[in-house]
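Taking it in order: structure first as structure tokens, then the write-up.
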Amino acid sequence: MTTGASDPAPAPAPAPDLTPLMPALLDALGFAGIGVLVIADRGAGFERWYANEAVAAILGYELAELLAITPLEMIAPEQRALALQLSASSRLGQPVPPTLEITVLHRDGGRVPVELAMGPQRIPGGIVFVLVMRELGARSQLSLLEADRIGLVGALSAGFAHEINNPLTSVLLNLRSLRKQLGRSLPPEAQLPALRCLDDVTAGSERIASNVRALQTLATRSETKPLDLTALVSAALRLATPTLDARAHVIRQLFPVPPVIGEESRIGQAVLAMLLFSSSGFEAESTSTANRIIVAVEERAGSVVVEVSDNGRDLPAEEARHAFDPFFRSQSRGAGVGLGLGVARAVAVALGGQVTLGPRPGGGAVITMRLPIAG
């Protein structure tokens, strides 16, 4: 396996013996079921420099057996190109997400979803990744509390939406029936004000129904499939509207685009993180007619792009470098909600895309997510 370099790379030097450098922390992590991998890329393919017993256990191997497998063979075939792409980008100095969910192959042929926390470091001739691996799903004991909390919130949201939807459907049906009856029974001079009032109630009820549908979309895990990104961004905007409208005037530039492959709840979470980060560039509850947040969805150069720009506070260069760190919060900006832009980048990268943050000409910030068009 190679990274695709055009010229034959010289045979890499033997991997250094890192054992004396590994503190007792590695043993503690292994006992806790947390895998630790050290993988280098010096232009001639991935080299494994270190792996602990916990990594072998996650994949169903003895450690000696695991060491006979190349790092790329551990990864699900459809995600190997993504791993090579991330490594090549990191070698070029481009940022990579601090966490990433990928699928690895178990010895018995099964597929195991894992979360990787990545710490890349440059070395002469390439880059080395220190990876902390945690198994996701039923096998993982370490993530049970986190999974239970997320699952509970999702279940409550879905149940809450269902409980609203049932009576709301009845309300809307009865409102439409009542409108027909009023048109037949009221004298002409009384019809107009009555129907206006009824239309206001109907519009409010339909808005609630629309928000409930958006909540169901973003609260419930679903299968990976072709998605209409314009519709998904519209759903995220409906949920974020109370926060956005309290700070700025939102301008929507949403155009029809080709479908992308992904999971509704994950991409919706990424878009919400972008919207909330942008809104944090303004003072809360101090809407000015000059405050602007522009949300655009369009096709650019073979990708589908979601771009959120604002004319809020500038983000200092030092803080911009940490904007994708989990739970980022700064003096000038930072939504301070969960993983923020870090999760947005992780979601996009897992789909073969990217998320970038930069200054907006004239002041403010621009967050851009690019996703590949479904093939």
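The values are calculated or read from the model by the stated rules, or taken from the named source; none is laboratory data. From a predicted model like this one, the values you see are computed outputs, not experimental measurements. Note that we place each Cβ from the backbone using ideal geometry, even for glycine, and neighbour counts take in every protein chain shown.
Looking at (1) outside any strand (DSSP E or B); (2) at pLDDT 85 or above; (3) out of contact with any Phe, Trp or Tyr (no Cβ under 9 Å at 6 or more places or on another chain), which one does Thr230 not meet, given that it meets all the others?
(3)
If you take just the helices (runs of 4 or more DSSP H) that sit entirely in the stretch 256-375, which of them hold at least 3 residues that are over 18 Å from Thr224 (Cα atoms) and at pLDDT below 90?
264-279, 317-320
If I ask for residues that are touching an Asp or Glu at 6+ places or on another chain (Cβ under 9 Å) and under 17 Å from Glu115 (Cα atoms), which ones from the stretch 61-82 would you list?
Those that are touching an Asp or Glu at 6+ places or on another chain (Cβ under 9 Å) and under 17 Å from Glu115 (Cα atoms): Pro71, Arg80.
Of the residues in the stretch 85-103, how many are in contact (Cβ under 8 Å) with a residue 12 or more places away in the chain and either within 20 Å of the chain's Cα centre (by Cα) or assigned by TED's automatic domain parsing to the domain that holds Arg266 (or both)? Give the steps one after another, and end with the answer.
Let us first name the residues in the stretch 85-103 that are in contact (Cβ under 8 Å) with a residue 12 or more places away in the chain, namely 85-88, 90-91, 95-103.
Still in the list and also either within 20 Å of the chain's Cα centre (by Cα) or assigned by TED's automatic domain parsing to the domain that holds Arg266 (or both): 85-87, 90, 95-103.
Residues meeting the conditions: 13.
Hey, any hits in the stretch 283-290 for a residue that's surrounded by 20 or more Cβ atoms within 10 Å (Cβ to Cβ), in the same structural domain as Gln253 (by TED's automatic domain parsing) and touching a strand residue (DSSP E or B) at 6+ places or on another chain (Cβ under 9 Å)? Break it down stepwise before answering.
Initial filter on the stretch 283-290 (surrounded by 20 or more Cβ atoms within 10 Å (Cβ to Cβ)): none.
Looking through the stretch 283-290, none of the residues is surrounded by 20 or more Cβ atoms within 10 Å (Cβ to Cβ), in the same structural domain as Gln253 (by TED's automatic domain parsing) and touching a strand residue (DSSP E or B) at 6+ places or on another chain (Cβ under 9 Å).
Does Val130 satisfy the criteria of being in contact (Cβ under 8 Å) with a residue 40 or more places away in the chain, part of a strand (DSSP E or B) and outside the structural domain of Gly352 (by TED's automatic domain parsing)?
Taking the combined requirement at face value, the residue satisfies it.
Sort through Gly154, Gly110, Gly93 and tell me the only one that's out of contact with any Phe, Trp or Tyr (no Cβ under 7 Å at 6 or more places or on another chain) and modelled with pLDDT of 80 or more.
Gly110
What's the total number of residues in the stretch 246-255 that are of a type outside the set (Phe, Trp, Tyr) and in a loop (DSSP other than H, G, I, E, B)?
Summing the residues that are of a type outside the set (Phe, Trp, Tyr) and in a loop (DSSP other than H, G, I, E, B) in the stretch 246-255 gives 3.
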